[in-house]
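Asker: Quick one: the structure is below, questions incoming.
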Amino acid sequence: MTGVVLALGILLLLFLLLVFLVAPGRPPQGGAALPPGEFAHRGLYEKNQRPPENSLAAFGRAVKAGYGIELDVNLTADGHAVVFHDDTLTRMCGLERRVNDCTLRELRGLALAGTGEGIPLFSEVLQLVDGRVPLIVELKNCPRYQELCKVTAAALKAYGGSYCVESFSPLIVRWFKTKAPGVVRGQLAMGSARYRNLPWYLRFSAANLLSNVLTRPHFVAYRIEDARHSLPLTLYRALGGKLVAWTVHEKDDQQFAGQKFHSRIFEWYRPKQVQ
C-alpha cells in the first residue's frame with residue numbers, strides 16, 4: 001500500500017511539474033489578442049507558385065479574400081528584414097546562396113519561382129496589408145537573430161494593424177518576452193520525429209513544449225498531423241493558452257482543426273471562415 005501511495009505521489013508531482021513547465025504566458029495588457037480564424041500560409045498562393053509564396057501578389061489576394069496572413073521574416077547581410085521562408089535561395093530563386101549572406105540590392109535582382117514577383121521587404125508587406133487583415137509573423141532562426149528581432153519589432157511598433165509573432169526558436173520567443181512583452185508571441189512546434197537535425201533531448205523538449213518555462217508563449221502553433229495525442233498540448237489549452245494549427249490542407253480533418261485550434265494556418269485551398 002505504501003508503495004502505491006508513493007508511486008501516485010511521484011506521478012502527481014511529475015504532472016504538476018509538467019503543468020508548471022508548459023503553462024502559457026498572461027496576455028499583455030492592452031495588447032492585441034491572437035485573432036481567431038483562418039490565416040493564408042505565406043499568402044494566398046497556389047501549389048504551382050502562380051502567384052508565388054511570400055509575394056506581394058499572394059498577400060494582395062489574401063487581403064482581397066479577407067483571410068489573415070502568415071508570413072516569414074528573414075534578415076539580409078546589410079540588416080534589412082525581408083519576407084522569405086527558406087534559409088537558402090535554391091528552391092525559390094535557383095541560386096545556391098543563403099539569404100543572410102546577400103544584401104538587399106542582390107536580392108532585389110531575383111525573381112520568385114520564375115515569375116515577375118520579387119522578394120519583398122517586410123515594410124512593403126505591412127504597407128500593402130495596411131491593417132486590413134491580421135498577421136502572424138514568423139521570425140526565422142538566423143545567426144543574427146537578435147538583430148532580426150529588433151528590426152521586426154521596430155517595424156511592427158509603427159504598424160497600426162493587428163499582428164502577433166512566432167518562431168521555432170525559443171531564443172527568439174524569449175527575446176520578445178523580455179524586450180517586447182506587449183507583443184503577442186507564439187511558439188512553433190511539431191512532433192519529435194520531425195526535428196531530424198536535433199539531439200534526442202532537444203527533440204523531446206521542443207515537441208513537448210518544455211521551453212515554455214523560459215518563453216511563456218501566448219499561443220502555440222503546432223503541426224496538425226502531430227497534435228492529436230499530445231498531453232502537453234492538451235494541458236496548455238486547458239490552462240488558457242491558444243492553439244494554432246499548421247499547415248492545414250483540404251484533405252485534413254476540418255472538424256478536428258476547427259474544434260481543437262483557436263486559429264488555423266491553411267494552404268492551397270479556400271476554407272470557410274470558422275470563428
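Asker: Inside the stretch 10-62, can you point out the residues that are basic (Lys, Arg) and more than 22 Å from the chain's Cα centre (by Cα)?
Answerer: Listed by number, the list holds a single entry, ARG50.
Asker: Within the stretch 201-225, track down each residue that is part of a helix (DSSP H, G or I) and open to solvent by 40 Å² or more (accessible area, probe 1.4 Å).
Answerer: So the first thing to find is which residues in the stretch 201-225 are part of a helix (DSSP H, G or I), and the list is 201-207, 212-215, 224-225.
Correct list: TYR201, LEU202, ARG203, PHE204, VAL213, LEU214, GLU225.
Asker: With the condition kept exactly as written, say whether any residue in the stretch 7-24 is part of a loop (DSSP other than H, G, I, E, B) and either modelled with pLDDT of 95 or more or not acidic (Asp, Glu) (or both).
Answerer: Yes - at least one qualifying residue is present in the stretch 7-24.
Asker: Now, a different point. Scan the stretch 47-76 residue by residue and report those that are more than 23 Å from VAL99 (Cα to Cα) and out of contact with any Asp or Glu (no Cβ under 6 Å at 6 or more places or on another chain).
Answerer: Of everything in the stretch 47-76, those that are more than 23 Å from VAL99 (Cα to Cα) and out of contact with any Asp or Glu (no Cβ under 6 Å at 6 or more places or on another chain) turn out to be GLY60, ARG61, ALA62, VAL63, LYS64, ALA65, GLY66, GLY68.
Asker: For the stretch 125-147, which positions are farther than 22 Å from ALA180 by Cβ and touching a Leu at 6+ places or on another chain (Cβ under 7 Å)?
Answerer: LEU128 - this is the single residue of the stretch 125-147 that is farther than 22 Å from ALA180 by Cβ and touching a Leu at 6+ places or on another chain (Cβ under 7 Å).
Asker: Confirm whether TYR236 is part of a helix (DSSP H, G or I) and under 25 Å from GLU38 (Cβ atoms).
Answerer: So TYR236 passes the test.
Asker: Being under 22 Å from ALA193 (Cα atoms) and either out of contact with any strand residue (DSSP E or B) (no Cβ under 9 Å at 6 or more places or on another chain) or aliphatic (A, V, I, L, M) (or both) is the filter here, so list the residues in the stretch 214-231 that pass it.
Answerer: VAL220, ALA221, ILE224, GLU225, ALA227, ARG228, HIS229, LEU231
Asker: Sticking with this one: Given the stretch 103-200, what strands (runs of 3 or more DSSP E) lie entirely inside it while holding 2 or more residues that are of a type outside the set (D, E, K, R), crowded, with 17+ Cβ neighbours inside 10 Å and touching a residue at least 60 places away in the same chain (Cβ under 8 Å)?
Answerer: Because the criterion is at least 2 residues that are of a type outside the set (D, E, K, R), crowded, with 17+ Cβ neighbours inside 10 Å and touching a residue at least 60 places away in the same chain (Cβ under 8 Å), the strands (runs of 3 or more DSSP E) in the stretch 103-200 that meet it are 135-139, 163-167.
The values are calculated or read from the model by the stated rules, or taken from the named source; none is laboratory data. None of these values were measured; they are calculated from a predicted model. Please note: Cβ atoms are built from the backbone with ideal geometry, for glycine as well, and neighbour counts cover all protein chains shown. Surface areas here come from the heavy atoms of the whole protein model, side chains and all, with no ligands, DNA or RNA. Shrake-Rupley method; radii C 1.70, N 1.55, O 1.52, S 1.80 Å.
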